[in-house]
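Right, one structure below, let's go through it.
The values are calculated or read from the model by the stated rules, or taken from the named source; none is laboratory data. Computed from a prediction, not measured in an experiment: that's the story for all the values here. Heads up, the Cβs are rebuilt from the backbone with ideal geometry, glycines too, and the neighbour counts pull from every protein chain shown.
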């Protein structure tokens with residue numbers, strides 16, 4: 001499991017409106033594409049700079065593909081990254097602040113200390 005890779009996915013998808021829409025409509029395809037093409041790019045470097053070892057495990061891949069932010073939170077994905085991305089994806093389907101309330105409701109069973117979000 002790589003909290004770094006989870007957070008990198010959430011961060012990079014959230015910064016591109018076209019990727020947000022692609023992820024909203026095709027979660028599994030976007031995760032598969034991103035893992036193959038983008039996961040091993042080094043952030044803020046020229047495009048030829050790559051690592052070779054980063055990959056999601058099956059649990060991470062499934063949670064990302066299914067937009068399962070509760071599982072992502074449990075795995076240690078940063079709550080600000082999940083919240084901002086999923087607001088961008090699903091706020092339009094709810095009344096004002098409706099998605100944020102749903103997010104809080106679905107995460108309310110977590111008790112302090114929350115899962116470690118350090119990468």
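Table for the structure above
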{"read-out": "Those residues of the stretch 66-80 which are surrounded by fewer than 19 Cβ atoms within 10 Å (Cβ to Cβ) and closer than 13 Å to residue 31 by Cβ, in sequence order", "value": "66, 67, 68"}
{"read-out": "Any hit, the stretch 81-90, residues being exposed (fewer than 12 other Cβ atoms within 10 Å of the Cβ) and modelled with pLDDT under 95", "value": "no"}
{"read-out": "Breaking point among (1) at pLDDT below 90; (2) farther than 23 Å from residue 103 by Cα; (3) in a helix (DSSP H, G or I), for residue 55", "value": "(3)"}
{"read-out": "Test: residue in the stretch 109-116 that is at pLDDT below 95 and in a helix (DSSP H, G or I)", "value": "no"}
{"read-out": "Answer residue from the stretch 1-16, given it is surrounded by fewer than 19 Cβ atoms within 10 Å (Cβ to Cβ) and touching a residue at least 60 places away in the same chain (Cβ under 8 Å) and is farthest from the chain's Cα centre (by Cα) among those", "value": "1"}
{"read-out": "Every pair of residues 6+ apart whose Cβ atoms lie under 8 Å, when the first sits in the stretch 21-38 and is without any contact (Cβ under 8 Å) to a residue 60 or more places away in the chain while the second is surrounded by fewer than 13 Cβ atoms within 10 Å (Cβ to Cβ) and in a helix (DSSP H, G or I)", "value": "22/29"}
{"read-out": "Of all residues in the stretch 53-65 being surrounded by 20 or more Cβ atoms within 10 Å (Cβ to Cβ) and touching a residue at least 40 places away in the same chain (Cβ under 8 Å), the one that is nearest to residue 16 (Cα to Cα)", "value": "64"}
